[in-house]
């Protein structure tokens with residue numbers, strides 16, 4: 001191994017790529033696309049669409065309607081004074097979205113009330129109306145049953161659920177499963193992007209040297225293996241550079257965002273008059289000052305991220321390079337791509353399961369199997385406490401596979417880069433591995 | 001003094017034996033030609049000398065050192081399939097390739113400047129190779145091959161794809177390098193180029209070295225057994241000749257190789273009966289003729305058809 005030459009190759013690979021327009025564009029655009037995608041997801045999940053719907057109440061009990069309106073004045077409106085036909089036509093004219101007929105029987109017996117709507121109702125909408133109705137009927141029944149205030153209060157107190165995780169030292173700590181599964185998924189996603197994006201970049205670079213016919217000149221100065229190592233490390237460093245830029249961008253944005261967010265919150269807080277109201281509002285918003293602490297991430301995760309990214313990338317990079325060396329143009333890569341696409345895409349899809357169920361058999365196997373472990377293990381580590389032996393086994397399997405793949409790929413690469421104008425078949429690749 | 005020594009090398013790709021027990025020596029300060037038809041094993045041999053691929057058997061020594069990364073620095077190599085990074089600037093690219101050959105950055109810069117100047121290409125340093133014309137990028141390719149000032153220059157089919165001007169420039173450079181005491185080895189399948197330039201040759205056919213030695217000695221050893229005939233009139237009498245092989249035949253010219261010791265005077269008589277003779281000359285055979293007679297006509301045909 002001539003490290004001086006490897007360094008030359010590495011430097012060329014790194015500098016020419018880092019200066020390229022595609023690198024600069026992808027560095028800027030990728031976070032923007034991710035943020036846009038994230039925002040879209042948040043918007044879809046939290047989209048509070050049902051609050052816009054208006055329900056007309058035809059109340060024959062004169063008790064339930066005021067209670068419902070008190071519960072949600074935006075949603076409910078009393079139309080009891082109108083004949084039922086004009087209520088129906090209001091729905092048809094879309095002045096209101098639905099109407100609900102309430103009778104004594106609904107309080108006294110278990111008969112269901114009917115919600116009538118035109119157009120689409122939506123499951124979320126009907127179930128939330130059902131919830132409101134249950135609550136007010138319950139209250140009214142309690143009043144009529146003449147129960148003591150004590151019992152009534154018992155019913156009014158709604159039990160909640162706070163989750164806590166038992167740490168290894170026996171102390172219960174606040175569970176940050178939601179946040180950490182998000183972190184885990186993002187880390188897995190970053191490795192996925194890294195393996196795929198930089199792997200393909202390396203493959204194109206190998207093909208470029210072949211189609212430009214420069215590779216024979218280069219191999220008259222340097223061993224194919226040294227060339228391959230230099231290129232892999234060069235592209236790997238490029239990946240780290242891009243990650244580092246993103247981290248800096250993220251930190252910069254956060255620093256800029258905190259004072260703005262703080263100022264906005266301050267405004268809201270001062271608007272509240274009493275401290276009681278404040279705590280109530282805070283509780284409703286699910287905001288607890290302690291929750292910021294939850295956002296801190298164990299730095300060990302980043303060490304593992306680094307390890308799994310490096311070895312995962314080296315392993316896949318060797319495969320991508322072998323494929324690149326066996327073909328004459330990017331179009332020809334298609335016959336070999338499944339061997340790369342299937343495990344990487346598979347790991348990505350499995351990752352959505354790993355995130356929600358990190359200790360299932362599928363998750364454990366996928367996080368140890370070397371072709372999927374770089375993506376799946378990092379997500380598991382973030383989401384759950386992975387036994388150390390599993391991390392160890394995963395890393396050992398990954399490193400062993402990396403050496404195997406490198407050995408095989410180097411043989412294909414050595415022969416492939418000098419094969420011009422011929423599209424290699426799977427059989428050819430096997431022959432190349434055997435013969436050299 | 002021997003500078004490249006090839007001893008009993010063999011290389012097979014699967015069942016196809018590309019080079020089979022080839023040995024030869026190239027002497028310092030001379031021009032050595034590897035000749036033979038396409039697919040005879042010249043490029044494979046050259047790649048082994050350049051330590052790009054390893055022989056299955058046999059040894060190669062350069063300057064007494066076994067072929068290795070060390071010997072790669074002593075050689076400037078221009079492959080048959082030429083190419084450069086299209087998106088890299090001329091000077092950066094030359095710096096990269098020259099430093100890979102082990103030259104220090106400072107010396108490399110000086111050498112590159114000198115050669116760019118010499119080829120009238122000093123203005124191109126900041127241009128990307130993809131922007132250059134074919135002739136221009138061929139010049140850059142020469143510079144990439146020679147800038148690190150090696151002792152040995154290896155060109156694989158150097159004249160293929162060159163325009164006449166660059167072809168002439170390359171010839172001049174090769175002669176100049178030789179006069180500076182450098183050793184040049186090149187391969188070609190076009191025999192006439194060798195006649196003008198080579199001191200020593202090695203003929204390849206079917207992966208074997210079938211004939212080698214000094215060009216003059218080889219030609220002399222075949223004797224003046226060839227007739228250069230110029231005539232006017234009906235040329236069909238040539239078809240009646242027996243025990244001859246006719247090369248380079250045209251309407252009023254023929255190169256006739258006489259076989260089996262047939263009398264040349266009989267041929268002259270026959271020719272005079274049918275046509276007006278302008279020239280009848282006994283000469284040494286052409287390299288093409290030497291190649292054919294060495295390999296054997298049948299052999300050659302079988303190979304070309306295969």
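Read-outs: derived from the displayed coordinates by stated rules, not from any lab. This is a predicted model, so every value here is computed, not measured. With ideal geometry, Cβ positions are generated from the backbone for all residues, glycine too; neighbour counts draw on all protein chains shown.
Which angle between 0 and 90 degrees, to the nearest 10, do you get for helix B:134-146 versus the longest principal axis of chain B when only C-alpha atoms count?
The angle comes out at about 70 degrees.
Kirkwood Rh over alpha-carbon pairs of chain B, then Stokes-Einstein at 10 °C and 1.306 mPa s: what D in µm² s⁻¹, rounded to an integer?
Rounded to a whole number, D works out at 74 µm²/s.
Hey, what angle do you get for helix B:164-179 against the long axis of chain B, alpha-carbon based, 0 to 90 degrees rounded to 10?
The answer is roughly 80 degrees.
What ranking of A:22, A:409, B:221 emerges when the number of other C-beta atoms within 10 Å of each C-beta is taken as an exposure proxy, fewest first?
The order, fewest Cβ neighbours first, is A:22, B:221, A:409.
Kirkwood hydrodynamic radius, the stretch B:1-117, all distinct C-alpha pairs: what's the number in Å?
Roughly 16.1 Å, rounded to one decimal.
Only counting other Cβ atoms within 10 Å, I'd like A:106, B:274 sorted with the fewest neighbours first.
B:274, A:106
Calculate, for residue A:241 and residue A:40, the FRET efficiency according to 1/(1 + (r/R0)^6) with r their C-beta to C-beta distance and R0 25 Å; round to the nearest 0.05.
With R0 = 25 Å, the Cβ-Cβ based efficiency is 0.35.
When chain B is modelled as a GNM with alpha-carbon springs shorter than 10 Å, which of B:224, B:11, B:73 fluctuates the most?
B:224
Averaged over peptide A:217-230, how many Cβ atoms belonging to another chain are found within 10 Å of each residue's Cβ?
5
Report for the protein assembly as shown the percent antiparallel among DSSP-assigned beta bridges with both residues inside it, nearest 5.
In the protein assembly as shown, approximately 65 percent of DSSP beta bridges are antiparallel ones.
Which value results when the Cα radius of gyration for the protein assembly as shown is divided by 2.2 N^0.38 Å?
Here the answer is 1.53, to two decimals.
Compute the angle between helix B:90-100 and the longest alpha-carbon principal axis of chain B, please, reported from 0 to 90 degrees and rounded to the nearest 10.
Once rounded, the angle reads 90 degrees.
Compute a Gaussian network model of chain B, connecting alpha carbons closer than 10 Å, and tell me which residue from B:205, B:50, B:38 fluctuates the most.
B:38
Kindly work out what percent of the DSSP beta bridges joining two residues of chain B are antiparallel, to the nearest 5.
The antiparallel fraction comes to roughly 70 percent.
Taking other Cβ within 10 Å of each residue's Cβ, how do B:156, B:123, A:2, B:200 sort, fewest first?
B:123, A:2, B:200, B:156
Using the beta-carbon distance between residue A:341 and residue B:68 and R0 = 56 Å, what value does 1/(1 + (r/R0)^6) give for FRET efficiency, to the nearest 0.05?
In this case the efficiency is close to 0.90.
Please report the antiparallel percentage of DSSP beta bridges with both residues in the stretch B:107-237, rounded to the nearest 5.
Within the stretch B:107-237, antiparallel bridges account for around 55 percent of the total.
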